[in-house]
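*Asks:* This is the structure I want to talk about, given as structure tokens.
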Amino acid sequence: MENLLMVMMLIGVLGIFSQWVAWRTRLPAIVVMAIVGLIAGPTLGIINPAQELGDLYSPLISIAVGIILFEGSLNLDFREIKGMRKPVYRIVTLGAFLAWVLGSLAAHYVAGLSWAVAFVIGGIFIVTGPTVILPLLRQAKLKPRVAAILKWEGIVVDPFGALIAVFAFEFIKFLTVETVAFSAVLTFLAASVLAGIIGMIFGYGIGYSFEKGAVPEYLKSPIVLVTVIMAFALSDFIMHETGLLAVTVMGMTIANMHISSIEDMRHFKENISILLISVIFIMLTASLNRETLLSIFDINIVLFILMMLFVIRPLTIFLSTIGTNLEFREKLLVGWIAPRGIVALTVSAYFASILVDEGFHDAEILTSLTFGLVFATVVAHGFSISWLSRKLGLSTDSKPGVLMVGSNKFSAQLGKVLHDLGVPVLISDASWSRLSHAKQLGVPCVHGEILSEQTDYQIDMTPYDYMLSLTEYDSYNTLVSSTFKPTFGREHLFQLPLQVNEGDQLEDVSRHISGTVLFDGKVTWTSLNEKINQGFVFKKTMITKEYTHRHYLNDREEEDVLLLILRKSGELSFFNPKTDLYAESGDLIISLSKRQ
């Protein structure tokens with residue numbers, strides 16, 4: 001038991017450590033996790049999760065994959081693909097079928113597998129999956145159209161890949177095993193339909209009970225988690241691998257009911273998913289043996305991987321999207337990005353054993369073949385997606401952007417300064433009259449309530465790394481910061497200081513507001529806008545080796561308000577009472593000054 005606890009502790013620590021290293025180094029997280037797992041497992045022999053966890057290994061991975069798929073499918077709101085339904089529909093149907101057929105042909109003629117094994121593995125390899133796609137999308141900051149297509153394909157096709165593999169296996173048994181009747185194939189089809197119905201019933205049940213107030217707030221997340229596991233386990237008990245379909249349908253059902261609790265569910269499941277993805281990648285890679293790794297370099301396997309990367313995937317996307325409104329550059333990017341992940345590894349491991357038991361001995365190389373494809377696609381696509389999307393003009397501006405909530409004289413002029421410096425800026429306000437301040441200065445702005453659930457479909461948040469709440473209402477600024485804390489992170493959320501009246505005792509409250517207090521912690525909405533009315537201007541001061549930050553502080557007026565530093569790297573640092581900022585040579589200090 002003690003040894004098992006140590007193994008589980010090591011897996012968790014290595015997984016989260018990998019995520020942290022990826023964040024610090026800006027490397028693709030899935031690449032770091034794969035490398036760390038390989039070092040800890042087959043290279044140094046520190047852990048072997050498959051051996052040490054024993055019978056728990058497969059069920060733990062299966063349940064984790066189910067939860068990850070559900071979390072991903074919670075984001076599949078049909079409103080997101082308005083105007084793009086045709087290409088999305090084509091890719092997840094015709095594209096998936098073409099990928100299966102072409103992948104099977106390559107597995108037979110290039111990798112040298114028998115037709116039976118080739119058609120099973122061809123089905124498995126159509127999957128990409130949220131475990132690898134979603135981290136890449138967060139990293140690359142793609143424009144909404146391409147990001148939505150890749151996300152929908154990754155989540156929707158994931159269960160279908162497993163189901164196609166099961167269908168191929170059942171059909172092969174019908175053709176090759178005399179005792180197997182065609183009813184087995186019909187049973188599989190019926191079980192798949194039943195799994196979809198189970199997912200829909202559970203999804204509607206959860207959504208309806210939440211909207212009717214039948215479940216208290218503190219129990220909502222635990223109930224969803226248990227229900228996901230129940231839907232997955234029940235469907236998988238009826239027919240192996242149909243649980244993935246059930247949880248995907250369940251998530252999509254809840255996502256399109258537009259219930260008020262869905263954001264809380266998303267944030268909770270996202271945190272769980274990050275932990276599970278980290279743990280599973282370590283478990284899978286650390287469980288490989290050296291023989292499997294060495295066999296990846298077999299010439300047939302290498303040629304098959306190259307065929308999948310450079311021929312089959314691009315051909316599948318270009319053929320399936322003929323007649324759609326996708327641009328050539330969008331097809332090019334989608335046709336390149338198709339990293340395989342956890343589902344491919346787990347499903348192929350399952351079929352490798354049962355195909356060998358059925359007498360298909362060439363299936364012994366499935367694990368090596370799958371891991372070779374997974375590692376090659378994860379590395380190739382992980383390192384190339386940002387570069388290629390920038391080259392094709394399909395990523396947002398590489399500079400960190402600022403989303404300001406609340407249009408007024410101060411925020412509009414600050415937005416104008418940042419916009420002129422090439423920083424992506426957007427000002428949001430629910431009032432047309434207040435937005436006139438931004439419009440007159442030509443600052444990008446949007447009319448709407450930032451707290452509305454429609455925001456996700458009206459505003460592309462991808463270009464913006466920072467959010468500033470700059471309205472005159474303290475409670476609203478705090479509410480906005482609280483709402484968007486999971487999206488931006490507290491370190492990138494800022495709000496104006498609370499406006500303290502005489503006799504107010506707000507010192508303790510100010511310590512616990514969700515956003516970091518801006519500037520010196522004393523200037524308020526009223527004082528900032530009064531300074532604008534008094535003729536204060538936005539001053540830009542370049543720090544050099546000769547004119548240092550210390551020189552600047554000595555020269556500035558006492559009434560000046562230090563706003564932010566635009567680093568020479570393009571990063572932004574906002575002055576606040578918690579952090580002593582220091583500008584280096586090449587940095588630009590922006591302040592609200594009495595004189596230019």
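*Asks:* Near the amide H of Met404, under 5 Å away, which other amide H atoms are found, from residues 5 or more places off or on another chain, if H is placed in the peptide plane?
*Replies:* The list, which skips near neighbours in sequence, is Leu426, Ile427, Ser428, Leu468.
*Asks:* Compute the helix-to-body angle for 217-238: its Cα long axis versus the longest principal axis of the chain, expressed 0 to 90° and rounded to tens.
*Replies:* 20 degrees
*Asks:* Would you grab the residues whose amide H sits under 5 Å from the one on Phe575? Only those 5+ places off in sequence or on another chain, please, with H modelled 1.01 Å from N.
*Replies:* Phe519, Leu564, Ile565
*Asks:* For Tyr582, what accessible area in Å² do you get when you roll a 1.4 Å probe over the heavy atoms of the protein chains, rounding to the nearest 10?
*Replies:* Approximately 110 Å² of Tyr582 is accessible to the 1.4 Å probe.
*Asks:* Okay, moving on. Treating the angle as unsigned and between 0 and 90°, give the value, to the nearest 10°, between the Cα long axis of helix 342-357 and the longest Cα principal axis of the chain.
*Replies:* Result, in degrees: 10.
*Asks:* Something else about it: What length, rounded to one decimal in nm, is gained on full extension from Tyr547 through to Gln51, with 0.36 nm per residue of separation minus their alpha-carbon distance? Write out the running numbers ahead of the final one.
*Replies:* Numbers: separation 496, 0.36 × 496 = 178.56 nm, distance 6.28 nm.
Contour length minus Cα-Cα distance gives 172.3 nm.
*Asks:* Each residue of the range 8-18 in turn: what ³J(HN,Hα) in whole Hz from Karplus with 6.51, -1.76, 1.60 and θ = phi - 60°, glycine and Pro shown as x?
*Replies:* In residue order, the calculated couplings are 5, 5, 4, 4, x, 5, 5, x, 6, 4, 4 Hz.
*Asks:* Roughly how many Å is it from the Cα centre of the range 30-69 to that of the range 321-364, as a whole number?
*Replies:* Between the Cα centre of the range 30-69 and that of the range 321-364, the gap is 20 Å.
*Asks:* Calculated FRET efficiency, Ala233 and Leu4, Cβ-Cβ r, R0 30 Å, to nearest 0.05? Let's see the in-between values first.
*Replies:* Details: r = 22 Å, r/R0 = 0.75.
Result of the calculation: an efficiency of 0.85.
*Asks:* Ok, one more. Each label point is 7 Å from the Cα along the Cα-to-Cβ direction; what then is the distance between the points at Trp20 and Val379, in nm?
*Replies:* Going from the Trp20 label point to the Val379 one covers 2.6 nm.
*Asks:* Further question: Can you work out the PRE-style zone for Ser452? Point 7 Å along Cα to Cβ, and I want the residues of the range 233-259 with backbone N under 20 Å.
*Replies:* 256-259
*Asks:* Okay, next question. Which length gain, in nm to one decimal place, applies between Thr579 and Ser482 when the Cα-Cα distance is subtracted from 0.36 nm times their residue separation? Don't skip to the end; give the middle numbers.
*Replies:* Working: separation 97, 0.36 × 97 = 34.92 nm, distance 2.07 nm.
Full extension from Thr579 to Ser482 adds 32.8 nm.
*Asks:* Ordering Ser58, Ser527 by how much accessible area each has at a 1.4 Å probe, largest first, what is the list?
*Replies:* Numbers: Ser58 75, Ser527 30 Å².
Largest accessible area first, the list is Ser58, Ser527.
*Asks:* Pulled fully out, how much extra length does the chain show between Leu319 and Leu294, if you take 0.36 nm times their separation in residues and subtract their Cα-Cα distance? The partial results should precede the final answer.
*Replies:* Working: separation 25, 0.36 × 25 = 9.00 nm, distance 3.52 nm.
Full-extension gain reported as 5.5 nm.
*Asks:* Taking the full set of protein chains and a 1.4 angstrom probe, give the accessible area of Asp555 in square angstrom, rounded to the nearest 10.
*Replies:* My reading of the accessible area for Asp555 is about 80 Å².
*Asks:* How far is it, in nm, from the label point at Lys86 to the one at Leu27 when both lie 7 Å from their Cα along the line to the Cβ?
*Replies:* For the pair Lys86/Leu27, the computed spacing is 4.3 nm.
*Asks:* Which lysines have a Cα less than 23 Å from the Cα of Lys399, not counting those fewer than 8 places away in the same chain?
*Replies:* Those lysines meeting the cut-off are Lys141, Lys143, Lys391, Lys416, Lys439, Lys485, Lys539, Lys540, Lys568.
*Asks:* If you bin the C-alpha pair distances of the chain every 10 Å from 0, what whole percents do you get?
*Replies:* 3, 15, 24, 23, 17, 11, 5, 2, 0, 0
*Asks:* Would the range 327-409 count as rounded, prolate or oblate if I go by the C-alpha gyration tensor, calling it rounded below 1.5 in a/c and otherwise prolate when a/b exceeds b/c, oblate otherwise?
*Replies:* It comes out prolate by the Cα gyration axes.
*Asks:* Hey, what do the phi angles of the range 141-149 turn into as Karplus ³J(HN,Hα) couplings, whole Hz, using 6.51/-1.76/1.60 and θ = phi - 60°, x for Gly and Pro?
*Replies:* Each residue's phi maps through the Karplus curve to give 6, 6, 5, x, 4, 5, 4, 5, 4 Hz.
*Asks:* Next up: Taking 7 Å along the Cα-to-C-beta vector as the label spot, tell me the Thr526-Arg390 distance in nanometres, rounded to one decimal.
*Replies:* Modelled inter-label distance: 4.7 nm.
*Asks:* Work out from phi, with θ = phi - 60° and the Karplus expression 6.51 cos²θ - 1.76 cosθ + 1.60, the ³J(HN,Hα) of each residue of the range 106-115, listed in order in whole Hz, and give x for Gly and Pro.
*Replies:* Per residue, the Karplus-derived 3J(HN,Hα) values read 5, 4, 7, 7, 9, 7, x, 7, 5, 4 Hz.
*Asks:* Order His551, His381 by their accessible area, 1.4 angstrom probe, all chains in place, largest first.
*Replies:* Working: His551 80, His381 0 Å².
Ranking His551, His381 by accessible area, largest first, yields His551, His381.
*Asks:* Moving to a separate point now. Quick check on the range 1-78: take the gyration tensor over C-alpha atoms, sort the square-rooted eigenvalues as a ≥ b ≥ c, and tell me if it's rounded (a/c under 1.5), prolate or oblate. Intermediate values should be presented prior to the final figure.
*Replies:* Working: a/c = 2.44, a/b = 1.23, b/c = 1.98.
Judged from the Cα gyration tensor, the range 1-78 comes out oblate (a/c at least 1.5, b/c at or above a/b).
*Asks:* Could you compute how much accessible surface Lys439 exposes when probed at 1.4 Å, giving the result in Å² to the nearest 10?
*Replies:* Result for Lys439: roughly 110 Å² accessible.
*Asks:* Now a separate question. Based on the Cβ-Cβ distance of Ser569 and Val215, what FRET efficiency does E = 1/(1 + (r/R0)^6) give at R0 = 35 Å, to the nearest 0.05? Don't skip to the end; give the middle numbers.
*Replies:* Values: r = 47 Å, r/R0 = 1.34.
About 0.15, to the nearest 0.05.
The values are calculated or read from the model by the stated rules, or taken from the named source; none is laboratory data. Remember, predicted model here, so these are calculated numbers, not experimental data. Virtual Cβ from ideal backbone geometry, glycine too; neighbours counted across all protein chains shown. SASA here: full protein model, heavy atoms, side chains in, ligands and nucleic acids out. Shrake-Rupley method; radii C 1.70, N 1.55, O 1.52, S 1.80 Å.
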